[in-house]
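Worksheet: one structure, shown below.
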Amino acid sequence: EPVHNLVHRERMTSRGMSFSSRRVSDGQASEFLASRDNWFRPVHVRTGPDGCLWIADMYRLVIEHPKWIPADWQKRLDLRAGHHLGRIYRVVPVGTTPRRVPRLDRLDTAGLVRALDSPNGWQRDMVQQLLIDRGDRRALKPLLKQAVSSPRPLGRLHSLCAADGLGGLTSAVIATALADKHPGVRRHAVRLAESLPEITAGVFKRLGGLLDDPDPQVRLQLAFSSGAVGTPEQQGHLLAPLLQAAKGQRFLEPAVMSSLSQANITHVITQVFEQADNSKSGTDDLLARLLELD
């Protein structure tokens, strides 16, 4: 909150296909960080390479855009005051020592792949960037192995994404990731399946198995991606049951509709006809809407 000179903390939790957020229980009487200095302008927070929390303070007298300041007040203020200033605060947990900042640029390809499997978000992001920038395809074999064997879900996820960035994802690895025990990995595996040149029978079976995934965000990603994976006929087999399940759902229904195209709409309609159950309400209405789109 740069205007109010503070950093406010809330805890986000999944809520269906969206999120909710509440002030943390131990922050009811105070903010995470606040200052009496009205030049304190925190504008960015992230985890640093040392594992600490880094807070960028723009440190300016005026934070508002001049457009929103009356002309007579603009004449009284130095709107550029502090333009040469700025701070970075490092917040360190009590009783801990910051981790040593790794020199990732000195690691060879094998070392970078190992460094990708880290609890530190900055390190994972930077390693993935370096691997893709270097373009060394010798990284693919250990990346694909790590994508299915790492004990950390984020390690598996970043390994998948790094392999994708190098153009080396395989159907076998995607099929394994689609059945991962962590919903975040399954969700991104659906997205990454879009990059496969063809959807094999094994991958298609796994995608179909996600139609009833217990995690709503996995189903949402499936709705977004089903119009971009495989052949139009395969897309029809995925989109038809998604459409029938999505009626009236705020996020899922528009996501499925966004995946309809001239190429797959006929296959979707065919599947809806084949799967139609007269005892279920809404099928006629769904067919009418699809026929209007055709």
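The values are calculated or read from the model by the stated rules, or taken from the named source; none is laboratory data. Predicted model only: the values in this text are computed from it and were never measured. With ideal geometry, Cβ positions are generated from the backbone for all residues, glycine too; neighbour counts draw on all protein chains shown. When the accessible area is computed, the model is the full protein with side chains, heavy atoms only, and any ligands, DNA or RNA have been set aside. Shrake-Rupley method; radii C 1.70, N 1.55, O 1.52, S 1.80 Å.
Candidates are the residues of the stretch 211-241 that are part of a loop (DSSP other than H, G, I, E, B) and more than 18 Å from ARG186 (Cβ to Cβ); the one that is most open to solvent (accessible area, probe 1.4 Å) is THR231. Among the conditions (1) in contact (Cβ under 8 Å) with a residue 40 or more places away in the chain; (2) out of contact with any helix residue (DSSP H, G or I) (no Cβ under 7 Å at 6 or more places or on another chain); (3) within 21 Å of LEU104 (Cβ to Cβ), GLY135 misses just one, which is (1).
Looking at the stretch 160-167, is at least one residue under 26 Å from ARG219 (Cβ atoms) and acidic (Asp, Glu)? Checking the stretch 160-167: at least one residue is under 26 Å from ARG219 (Cβ atoms) and acidic (Asp, Glu). Under the condition of being open to solvent by less than 30 Å² (accessible area, probe 1.4 Å) and at pLDDT below 95, the residues counted in the stretch 169-198 number 1. In summary, strands (runs of 3 or more DSSP E) completely within the stretch 1-87 and bearing 3 or more residues that are more than 30 Å from ALA246 (Cα to Cα) and open to solvent by 40 Å² or more (accessible area, probe 1.4 Å) occur at 42-47. Selection of the stretch 174-189 for residues being within 17 Å of the chain's Cα centre (by Cα) and either more than 14 Å from ASP164 (Cα to Cα) or of a type in the set (A, V, I, L, M) (or both) yields ALA177, LEU178, ASP180, HIS182, PRO183, GLY184, VAL185, ARG186, ARG187, ALA189. Looking across the stretch 131-155, the residues that are open to solvent by 40 Å² or more (accessible area, probe 1.4 Å) and within 20 Å of PRO102 (Cα to Cα) come down to ILE132, ASP133, ARG134, ARG152, LEU154. Screening SER25, SER20, SER35 for residues that are among the polar types (S, T, N, Q) and in contact (Cβ under 8 Å) with a residue 24 or more places away in the chain leaves exactly one candidate, SER35. Mind checking which residues of the stretch 250-266 are open to solvent by 70 Å² or more (accessible area, probe 1.4 Å), in contact with a helix residue (DSSP H, G or I) (Cβ under 9 Å, 6 or more places away or on another chain) and either touching a residue at least 12 places away in the same chain (Cβ under 8 Å) or of a type in the set (Lys, Arg) (or both)? Across the stretch 250-266, the qualifying residues are PHE251, SER258, THR266. Cβ separations smaller than 8 Å between residues 6+ apart or across chains give the following pairs from the stretch 174-198 residues that are in a loop (DSSP other than H, G, I, E, B) to residues that are charged (D, E, K, R) and at pLDDT 95 or above: ALA179/ARG186; ALA179/ARG206; ASP180/ARG156; ASP180/ARG186; HIS182/ARG156; SER195/ASP164.
Picking from residues in the stretch 93-113 that are in a helix (DSSP H, G or I) and without any contact (Cβ under 8 Å) to a residue 24 or more places away in the chain, the one that is most open to solvent (accessible area, probe 1.4 Å) is ARG106.
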